[in-house]
Amino acid sequence: MLEALAITVGYTETPVLRDVSLSAARGQFIGLVGPNGSGKSTLLRALSRVLAPSRGQVLLDGVDVCRMPARDLARRLAVVAQDNPVHFDFAVRDVVLMGRAPHLPRFGLERPQDYAIAEQCMELTSTALLADRPITALSGGERQRCMIARALAQEPEVLLLDEPTAHLDIAHQIEILDLTRKLTASRGLATLVVLHDLNLAGQYCDHLVLLAEGRVIATGRPQEVVTETHIREAYGAEVQVRLHPTTGRPYVTLLSRMPISVVGKRSTRIHLICGAGTGVELMHQLTHLGFAVSVGVVNVADSDQVEAEALGLTRVEEAPFSPIGDESHRRNCDLARAAEVVIVTGIPFGRGNLQNLEAAIRARGVGRRVLLIDDPPIAGRDFAEGEAIARQRQIVNAGAEVCHDTAEVMRIAEELP
Amino acid sequence: MTPAPPRRALLARLVGLTSGLSAFLLVTILLAAGIGAEPVPLAVIADSVRRALGHLPPGPQAHLATIFWQLRLPRVALGAIVGMALSVAGGSLQGLLMNPLADPYLVGVSAGAALGASAALLFHVGDLGGGIAKCLIAFLTGAGTMVIVLWLARSRRRISRDAFILAGVVVGSFMWALVTMVMSFAGTDLQVIVHWLMGNLSSEVNWSVVAVTAAVSLAGCVALYSYARDLNLLALGEEQARQLGVETESLKLGVILCSALVTAAAVSVSGIIGFVGLVVPHIARKLFGPDHRVLLPASGLLGAAFLVWADTLARGLGEYFPVGVLTSLLGAPFFFYLLKRR
């Protein structure tokens, strides 16, 4: 119903958007994401006829919006701006009634049905209780809901929202997105919403458009758009993307790109056997103390692997969610033997990664100092029917030291040369 | 099903408000026309009005009736028209520019009109046609200045409101410099020019001037009123107003042209009467709310009554006491109060 066909838009000679195309159909809830300055708000301005594209067209049911009178467009398309400074203290009801303006004759007053529609829109957005309050006296979230009520009073077919959740706390963010999503479905709107938060966007939208530097980088279902590669390309940021176990939607974890400050240099080489995020803290602290740290066997995209890669540590990697193969096991043993100290974290063990304990046994066998972190205790993380417990006992019998937590390991590490 | 919504009858409110304020204005006009060095009692006024309406011959107190009809009423009527024009123009410009400090003189019209009037007085062409020439010149130079300001503020087919305010202030300062220059050449005419600049209703008291001013001002005010709802939408911001179907560029052009027109009409017959166009809309907004559909007529009627009372007081303080001094003396403290409250 609303289509942008290869539009190029700008405020000056330099375009902010180049060749951007998208389309929104009735009942679709589309998220517009992208870094600051990528042209999201500009795109909404172009779609709502505030800016005319220098090339390309914006079509509403096949008609160029720039050729539509402002009033005709306002009857079909409503916009909720990012921040809404209202000059003069109009009552909330009056502001919502302003949404009826495009439907009124030039010199006509509001008719009873206009009041009814405004009232209904206030009920929907739970602003009815605020009806007689001056809009200037409301909080950011209340005002945002009033503006949504006003947009709904326009009875639009297309709803554009520019960061409706900005400045709102988490509860209000959810409230606003739930509301707009529900209305999109119940009224058959085509809704386009600019969102800053990739997780909210991934969770709420059926379809995402990722913009960067004025171009569409990716478009499609959230799991197709929110990927580590796309986000690196668009934001230049390292993130970790997972599919949420219950919703199946992508969620993003930010990874710090702050370099670790290294105090001094130590000669001891430490091999860290970890996985499932159990080694992240130690990697940081040991690197910080100046040890040469290697990491073994971690699955690609596991948080330990991501962190080791970020810190630039020597590591043995295995394909995501795969058991440790022979080649990886051999290299893990080599790294463990090459180190003076081997640390085994409280990894959950299954059949796929028992070799990690095997590597520690061998290292102990050739006289390496082995520190076992039994946190949580092995009994709770043995998913290999007692084999992990057996092997841990074997290592301890061979002279490995058992530590109860990371802090204890660090106390030992600080004494090392 | 939600219960029937409370429909606030804007129309009823509007009718009640305007008829109430109109009645107040009418009483003001009749009372004010009676007050003066030679008081005209209400009974005489009533009798005279009755005779005039019934085309009857003049009554026993014909000289008082003449004072009422030929001296007092034209001046009082002119005061009402000027007060209305300035207040409606000020209210519209405050709405358009979203600037509480906006007033009709911001457009540069007053400075331009002042230049025209003072030049006309300097070259002694002002008195041609019983002062009509001076008014006409002031009107034309005022309107001409507004055209310059608009031209400066418009770029790429858009009027930027900030640029408009700046252009108005800058062109205004330039024009005032020229006025000062004219005054330095004025010699014995200086007093006449200063008197005109200070703003007064004493000079142009004849019915033809009143009629022309009334026609121009009323037409301009009606035109401004037609923009009232669009001005409401503009309170949401220019972009939002456009997204609600307002053609903002034609709105800006229309409001600026109309308010310049009525301001030029007012200034050309009364000089620079300050603060009415600034303060009256603020008072009306406090009393009746921000909806321009109510605010503009309320401002107009309040402003008319305010200026009539101020002029009556000025007349009481001396024949040549300029009402512009009085409105500023009353308006400035009130404005300080508004500023302090913000």
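At a glance:
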item	result
Subset tally (residues that are within 11 Å of chain B (Cβ to nearest Cβ) and in contact with a Cys (Cβ under 9 Å, 6 or more places away or on another chain)) for region A:19-51	1
Tally, over region A:185-205, of residues that are surrounded by fewer than 22 Cβ atoms within 10 Å (Cβ to Cβ), over 15 Å from the mean Cα position of the chain (by Cα) and not hydrophobic (A, V, I, L, M, F, W, C)	3
From B:LEU197, B:LEU201, residue being outside any loop (DSSP other than H, G, I, E, B) and in contact (Cβ under 8 Å) with a residue 40 or more places away in the chain	B:LEU197
Condition check for B:LEU122: over 27 Å from B:GLY168 (Cβ atoms), touching a residue at least 24 places away in the same chain (Cβ under 8 Å) and not β-branched (Val, Ile, Thr)	no
Of all residues making up region B:182-194, the number that are under 22 Å from B:SER270 (Cα atoms) and not in a helix (DSSP H, G or I)	1
Subset of region A:164-186 [in contact (Cβ under 8 Å) with a residue 12 or more places away in the chain and either farther than 16 Å from A:GLN203 by Cβ or among the hydroxyl-bearing types (Ser, Thr, Tyr) (or both)]	A:THR165, A:ALA166, A:HIS167, A:ASP169, A:THR180, A:LEU183, A:THR184
Residues being modelled with pLDDT under 85 and within 17 Å of A:ALA413 (Cα to Cα) - total across region A:337-368	0
Tally of residues being among the β-branched types (Val, Ile, Thr), under 27 Å from A:GLU224 (Cβ atoms) and part of a strand (DSSP E or B) across region A:21-68	3
Number of positions in region A:76-95 that are crowded, with 20+ Cβ neighbours inside 10 Å and touching a residue at least 60 places away in the same chain (Cβ under 8 Å)	5
Qualifying residue in region A:220-238 (condition: in the same structural domain as A:LEU189 (by TED's automatic domain parsing), closer than 21 Å to A:THR42 by Cα, surrounded by fewer than 19 Cβ atoms within 10 Å (Cβ to Cβ) and in contact with a Lys or Arg (Cβ under 8 Å, 6 or more places away or on another chain))	no
Cross-chain or 6+ apart pairs with Cβ under 7 Å, region A:203-216 first and more than 11 Å from A:ALA234 (Cβ to Cβ), then in a helix (DSSP H, G or I) and basic (Lys, Arg)	A:TYR204/A:ARG181
Residue in region B:170-181 that is part of a helix (DSSP H, G or I), at pLDDT below 90 and of a type in the set (Val, Ile, Thr) present	no
Test: residue in region A:110-123 that is surrounded by fewer than 17 Cβ atoms within 10 Å (Cβ to Cβ), facing another protein chain (nearest Cβ under 7 Å), at pLDDT below 90 and in a loop (DSSP other than H, G, I, E, B)	no
Residue in region A:174-189 that is in a strand (DSSP E or B), in contact with a strand residue (DSSP E or B) (Cβ under 9 Å, 6 or more places away or on another chain), farther than 27 Å from A:ARG232 by Cα and modelled with pLDDT of 90 or more present	no
Count - residues of region A:332-353 that are surrounded by fewer than 19 Cβ atoms within 10 Å (Cβ to Cβ) and in contact (Cβ under 8 Å) with a residue 12 or more places away in the chain	7
Failed item, numbered, when A:THR247 is tested on (1) assigned by TED's automatic domain parsing to the domain that holds A:PRO222; (2) surrounded by 16 or more Cβ atoms within 10 Å (Cβ to Cβ); (3) at pLDDT below 80	(2)
Any hit, region A:43-55, residues being under 24 Å from the mean Cα position of the chain (by Cα), at pLDDT 90 or above and either more than 20 Å from A:LEU152 (Cα to Cα) or not β-branched (Val, Ile, Thr) (or both)	yes
Qualifying residues in region B:8-31 (those that are in a helix (DSSP H, G or I) and of a type in the set (Gly, Ala, Ser)) - the one nearest to the other protein chains (Cβ to nearest Cβ)	B:ALA12
Residue list for region B:222-258, restricted to those being at the interface with chain A (Cβ under 7 Å from one of its Cβ atoms) and either buried (at least 22 other Cβ atoms within 10 Å of the Cβ) or aliphatic (A, V, I, L, M) (or both)	B:ASN232, B:LEU233, B:ALA235, B:LEU236, B:GLN240, B:ARG242, B:GLN243, B:LEU244, B:VAL246
Scan of region A:69-98 for residues that are part of a loop (DSSP other than H, G, I, E, B) and either under 36 Å from the mean Cα position of the chain (by Cα) or facing another protein chain (nearest Cβ under 7 Å) (or both), ordered by number	A:ARG75, A:ARG76, A:ALA81, A:GLN82, A:ASP83, A:ASN84, A:PRO85, A:VAL86, A:HIS87, A:PHE88, A:ASP89, A:PHE90
Any hit, region B:133-146, residues being surrounded by fewer than 21 Cβ atoms within 10 Å (Cβ to Cβ), modelled with pLDDT under 85 and not in a helix (DSSP H, G or I)	no
Flag if A:ALA171 is more than 8 Å from chain B (Cβ to nearest Cβ) and under 27 Å from B:ASN99 (Cα atoms)	no
Considering residues of region A:52-68 that are farther than 19 Å from B:GLU238 by Cα and in contact with a Leu (Cβ under 7 Å, 6 or more places away or on another chain) only, the residue farthest from the other protein chains (Cβ to nearest Cβ)	A:GLY56
Conditions (1) surrounded by fewer than 22 Cβ atoms within 10 Å (Cβ to Cβ); (2) facing chain B (nearest Cβ under 10 Å): number failed by A:ALA101	(1)
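Results for (1) closer than 19 Å to A:ARG269 by Cβ; (2) assigned to a helix (DSSP H, G or I); (3) at pLDDT 85 or above, shown as yes or no for each residue.
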{"position": "A:SER328", "(1), (2), (3)": "no, yes, yes"}
{"position": "A:LEU335", "(1), (2), (3)": "yes, yes, yes"}
{"position": "A:VAL370", "(1), (2), (3)": "yes, no, yes"}
{"position": "A:GLY380", "(1), (2), (3)": "no, yes, no"}
{"position": "A:GLY399", "(1), (2), (3)": "no, no, yes"}
{"position": "A:VAL402", "(1), (2), (3)": "no, no, yes"}
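The values are calculated or read from the model by the stated rules, or taken from the named source; none is laboratory data. Just so it is clear, the model here is predicted, and its values are computed rather than measured. Virtual Cβ from ideal backbone geometry, glycine too; neighbours counted across all protein chains shown.
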